[in-house]
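Just below is one structure, and these are the notes that go with it.
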Amino acid sequence: MLKRGMLALALAVSVPAGAQQQEQVDLDMVSRIRQEAFHRSQVMATFSHLTETIGPRLTNSPAMAQANAWTRSRFTDWGLTNVHDEAFADFGRGWEFSNASVEMLGERVLPLHALPKAWTPGTNGPVEGELVQVKIDKLADLDRYRGKLRGKVLLLGDARAYKRASEANSHRHDATSLEGLQAFTVPRDAADDRAKRVKEYSERQALARAVNTFFVEEGALAAISISGWDNGIIRVAGGGSRKAGEPVGIPELAMIAEHFNPLVRALEQKQPVRLRVDVAARFTDDTDQPGHNTLAEIRGSSRPDEVVMLGAHLDSWHTGTGAADNAAGVAVMMEAMRILKAVGAKPRRTIRVALWSGEEQGLIGSQAYVARHFAHFPEPTDPAQLALPASLREPTGALVKTRDYDRFVAYFNMDNGSGRFRGIYAQENLAAVPVFEAWLKPFHDVGATTVATRNTGSTDHISFDRVGLPGFQFIQDRLDYFSNVHHSHLDTWDHAEPEDLKQAAAIVASFVYNAAMREQRFPRKAEPQP
């Protein structure tokens, strides 16, 4: 007993005085937030309008412009201030499609399920042609097909063997999986990885431009590739080019594996196959246009120049309705702002919501916003470096900070589907762990209990974290996000869970309120060095 007592005393003495201060949480406000979120929610009304009235929201498409306008109107109706769109550099042209069909002709007419890749041209009415298989892995492969593709429909690549699922189609965290998130993996040296990724990216881009040009010059009618997933799911993103003046190629579609594979087998057996393809798609601009983020805020009462941010990306891919990716996140962040206004919150610091655009093309909207308002690394002068995504560029110098860099508090993001919050990733910010543990405690009864020290990536909080600002993403139940809906035509309303979105909105509203009311500066990691 004496030894244990001495150990406890030693630990207490060794802990810095600031760390012994218990994090203050206004439980009265948290209770009001919960009441509003759980009993008077409007999150599903917002989610439904985004998905089933507006629909998919490809960046710079007419539907995206409609979403920007509608979200601004809701923020204004709720009494938020400084509601506006903020443009970022020329993103490219808008694009949309209204119909697509592929039919196998001959003795047995068969509809084949396929949808177009974004930023590829339409067919300008139905076209018919013989199907030929084309395999192009490197620039030298083009020569094998020169003079052989005119008037043909191209089947790109090989068949893929069906792989049966080895786990449940939908997944929720349990005690074991949440415990597993507590393990931290020490990262490897990234220098070699970056060089490899730059080489692969550059070669992939060069091949895509060459193929787009080649197919047009050769007079091919359309191209079809296999969906990345089985079970009748069309998983599709972009093709062609969104940039004016760059080659966009021919109409290109992704087809379900179960229809693609029989076409390959027929060609391997020397059976003639003829297809009719009809794609109604169009570019909505003749020149590159800026993208737009939508922002609004609740002005702080005593420290208005200090800012807490929350956000989600408003853009989506084009074949589903952008429900889990990411109308769910947008609806939750909008609902959090509505809740704070409804309960009469008077935060000390300004709380600002951002609905990003261009996330699906590389976090473009959030990166531009962070660079303009908070910090950025110097732009490279080498054209080859400028052509790379920001994440692949070589460091160019010390971080360039604006005056608002030190006034920034924290950013909270949602973009892992529509599943329930189970906690938050601390992004290796160890000093934030006890803060988050205190903020989560009032939500243990609805399943949010875990603070993981590890990083998570691939979405807009990285734009903040990359320049040394606290940016965080929540731990979520993945449901069927990575088995059915992510970037697929099944990303629709029916795959969401209303109760999960209500829970998430309550937690977000509480987190940003706590951050806005905190006495001390929110802890930060060391500033990134070039």
How much length is gained on full extension from Ser166 to Lys196, taking 0.36 nm per residue of separation minus their Cα-Cα distance?
7.7 nm
For labels at Arg282 and Arg403 in the simple 7 Å Cα→Cβ model, what's the distance in nm?
4.7
Anisotropy class of region 375-530 from Cα gyration tensor, a/c 1.5 cut
oblate
Plugging the Cβ-Cβ distance of Met44 and Glu203 into 1/(1 + (r/R0)^6) at R0 = 60 Å yields, to the nearest 0.05, a FRET efficiency of 0.85
Potential lengthening between Gln22 and Ala87 on full extension [0.36 nm per residue; Cα-Cα distance subtracted]
19.2 nm
What is region 309-406 by shape, rounded, prolate or oblate, if you read a ≥ b ≥ c off the alpha carbon gyration tensor as root eigenvalues and call it rounded for a/c under 1.5, prolate for a/b larger than b/c, and oblate otherwise?
oblate
Among Phe38, Ala254, His487, whose Cα lies farthest out toward the positive end of the dipole of the chain, if unit charges sit on the beta carbon of Lys, Arg (+1) and Asp, Glu (-1)?
Phe38
Rounded to whole Hz and in sequence order, give me ³J(HN,Hα) for region 231-245 from the Karplus expression 6.51 cos²θ - 1.76 cosθ + 1.60, θ = phi - 60°, writing x for Gly and Pro.
6, x, 9, 9, 9, 8, 10, x, x, x, 7, 7, 8, 4, x
Rounded to the nearest 500, what is the chain's calculated 222 nm mean residue ellipticity when only DSSP H runs of at least 4 contribute -39500 (n - 2.57) each, over all residues?
-9000 deg cm²/dmol
Note, region 196-203: 3J(HN,Hα) by Karplus (6.51, -1.76, 1.60, θ = phi - 60°), whole Hz, Gly/Pro = x, goes 5, 5, 4, 4, 5, 4, 5, 5
Exposure proxy check: Tyr411, Tyr425, Tyr162, Tyr405 ranked by fewest other beta carbons within 10 Å?
Tyr162, Tyr405, Tyr425, Tyr411
Please determine, in degrees from 0 to 90 and to the nearest 10, the orientation of helix 498-517 with respect to the longest principal axis defined by the Cα atoms of the chain, where the helix direction is its Cα long axis.
50
Would you pull out the residues with amide H under 5 Å of Glu252's amide H, same chain only if 5 or more places away, H placed 1.01 Å from N?
Lys117, Ala223
So who's got an amide H within less than 5 Å of the one on Gln476, skipping anything under 5 residues away but keeping other chains? H placed 1.01 Å off N, in plane.
Arg422
Going by how many other Cβ atoms sit within 10 Å of their own, how do Lys243, Lys117, Lys270 line up, fewest first?
Lys270, Lys243, Lys117
Here the relative contact order (percent) of region 344-437, from C-alpha pairs under 8 Å and at least 6 apart, is 19
Charge context of Ala159, other residues only, Cβ under 10 angstrom, K/R +1, D/E -1
0
So what is the relative contact order of the chain, in percent, for Cα pairs below 8 Å that sit 6 or more residues apart?
22
Magnitude of the Cβ-charge dipole of region 287-431, K/R +1 and D/E -1, about the Cα centre, nearest 20 debye?
920
Using 18 Å as the cut-off for backbone N distance, which residues of region 117-137 belong to the label zone defined by a point 7 Å from the Cα of Arg146 along Cα→Cβ?
135-137
With charges set only on the Cβ (+1 for Lys and Arg, -1 for Asp and Glu), what does the dipole of region 92-212 come to about its Cα centre, in debye to the nearest 20?
420
Rounded, prolate or oblate: which one fits region 175-215, using the alpha carbon gyration tensor with axes a ≥ b ≥ c (rounded when a/c is under 1.5, else prolate when a/b beats b/c, else oblate)?
oblate
Of Lys163, Lys441, how do they rank once you tally other Cβ atoms within 10 Å and put the fewest first?
Lys163, Lys441
Which one of Asn60, Gln529, Trp119 has its Cα pushed farthest toward the positive end of the charge dipole of the chain, where Lys and Arg give +1 and Asp and Glu give -1 at the Cβ?
Gln529
Normalised by the residues of region 409-513, what does the relative contact order come to in percent, with Cα pairs under 8 Å and at least six apart?
41
With θ taken as phi - 60° and the coefficients 6.51, -1.76 and 1.60, list the Karplus ³J(HN,Hα) couplings across region 129-134 in order, rounded to whole Hz; mark glycine and proline as x.
x, 5, 8, 10, 8, 10
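Bear in mind these aren't lab numbers, they're just calculated from the coordinates by the rules spelled out. Everything numeric here is computed off the predicted structure, so don't read it as measured data. Note that each Cβ is placed from the backbone with ideal geometry, even for glycine, and that neighbours are counted across all protein chains shown.
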